[in-house]
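Here is the structure we will look at.
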Amino acid sequence: MENDEARLWALARGGDALAFAAVFDLHRDRVFRQAVRLLESWPDAEDVSASAFLELFRRRDDVRIVNGSVLPWLLVTTANLARNATRARRRYRDFLARLPRDGREPGSADAGLSVVDLDLDPRLHRALRQLSEEDVALLTLVALEDFTIADAAEVLGLSPAGAKTRLHRARQRIRKTLPDFLVAYDQTGAP
């Protein structure tokens, strides 16, 4: 698969639309799962996933390939875009909160802003949102997407030792925030 993807990516970088579509088909589900893990709504996750692939195409000459795959780069880009979307949404809500009120109740148009049940414990979701972008990307690549620390380090531009230290500290912060949750999680064999 690595050789096939590397070949497809070489063609896609050269402008072959069908090769780019094949790379998209290979990774769209994992990129979308990454976005859903980090965002509160399916539409936001769809937007971020689409943006990640747009960035992949736009920056195709700068993309770091790890073991013949663009997936690590896509996952990190998705995490960064999700953080940006969350910040933008928060700024927008803060702006709306500062606007003068006329006493009307919110309309049905606001009903679409509810949180979607994401199959991710809300406590873990909140804990992940407290980590830095780089730590979330590292933790996601290693713990959730099963990349090696060395591969994750390469895509993030870290040394393997530095990545290992950051990963250890990120896990410690989550354990400190969610000790009872992670005891059960660690017993399932998760890293």
Boolean, Arg91 is in a helix (DSSP H, G or I) and either out of contact with any Lys or Arg (no Cβ under 9 Å at 6 or more places or on another chain) or farther than 20 Å from Glu154 by Cα (or both): yes
Residues that are buried (at least 16 other Cβ atoms within 10 Å of the Cβ) and among the polar types (S, T, N, Q), drawn from region 1-55: Gln34, Ser41, Ser49, Ser51
Residue match in region 139-152 (condition: of a type in the set (Ser, Thr, Tyr), over 21 Å from Ser49 (Cα atoms) and either loosely packed, with under 11 Cβ neighbours inside 10 Å or at pLDDT below 85 (or both)): no
Helices (runs of 4 or more DSSP H) enclosed by region 1-61 - at least 1 residues per element that are outside the structural domain of Leu131 (by TED's automatic domain parsing), closer than 27 Å to Arg90 by Cα and at pLDDT 95 or above: 17-38, 42-58
Selection status of Val116, in a helix (DSSP H, G or I) and at pLDDT below 85: no
Tally, over region 62-88, of residues that are assigned to a helix (DSSP H, G or I), of a type in the set (Val, Ile, Thr) and buried (at least 19 other Cβ atoms within 10 Å of the Cβ): 3
Ala127, sole failed condition from (1) at pLDDT 80 or above; (2) more than 14 Å from the chain's Cα centre (by Cα); (3) of a type in the set (A, V, I, L, M, F, W, C): (1)
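The values are calculated or read from the model by the stated rules, or taken from the named source; none is laboratory data. Since we're looking at a predicted model, the values are computed, not measured. Neighbour counts run over all protein chains shown; Cβ positions are idealised from the backbone, glycine included.
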